[in-house]
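The values are calculated or read from the model by the stated rules, or taken from the named source; none is laboratory data. This is a predicted model, so every value here is computed, not measured. All Cβ positions, glycine included, derive from the backbone under ideal geometry; neighbour counts span all protein chains shown.
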C-alpha cells in the first residue's frame, strides 16, 4: 500500500459566491471551468480542471477562509499573473522564495491564501 499523489485540491467558498469565483479563478488566473457531475450540482461550488491541475471550490455554509493553509500552484509567467491579480484589486505578497522558484502569495476574493510558484530552472 502507498499514497502516491493528489487527485485534487478543494477550497471552501461562502454560499452564493460561484460567480465571483469564476471571475478570479477563471478570468484572472486563467483556469478552465469543468462542469460538476449532475448529482453534485445542487451542493453549489465550482470546479476548475485542466491538464494535471484539479482545483475544486466547495460551498461551506460555515465558511472560514484558509489564511495559512494553502495550495501551491505552479505557474508560467509569474509577472503577468501578478499584474493581472493587482489590476483586479487582489493583494500580492512577495515571498523570499525557495530554491529554484520565484513565489508570491495572493488572497482570493474569499480570503483564502494561494501560493503562486514559477520554476526558475536548475
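The set of residues in the stretch 80-89 that are surrounded by 10 or more Cβ atoms within 10 Å (Cβ to Cβ) and either in a helix (DSSP H, G or I) or modelled with pLDDT under 95 (or both) comprises 80, 81, 82, 83, 84, 85, 86. In the stretch 111-120, the count of residues that are assigned to a strand (DSSP E or B), in contact with a strand residue (DSSP E or B) (Cβ under 6 Å, 6 or more places away or on another chain) and within 16 Å of residue 20 (Cβ to Cβ) is one or more.
For beta carbons closer than 7 Å, sequence separation of 6+ or different chains, a first residue in the stretch 16-41 that is without any contact (Cβ under 8 Å) to a residue 40 or more places away in the chain and a second that is assigned to a helix (DSSP H, G or I), the qualifying pairs are 31/25; 33/22; 33/26.
Any chance the stretch 95-108 includes a residue that's surrounded by 16 or more Cβ atoms within 10 Å (Cβ to Cβ), within 11 Å of the chain's Cα centre (by Cα), touching a residue at least 60 places away in the same chain (Cβ under 8 Å) and closer than 16 Å to residue 18 by Cα? Yes - at least one qualifying residue is present in the stretch 95-108.
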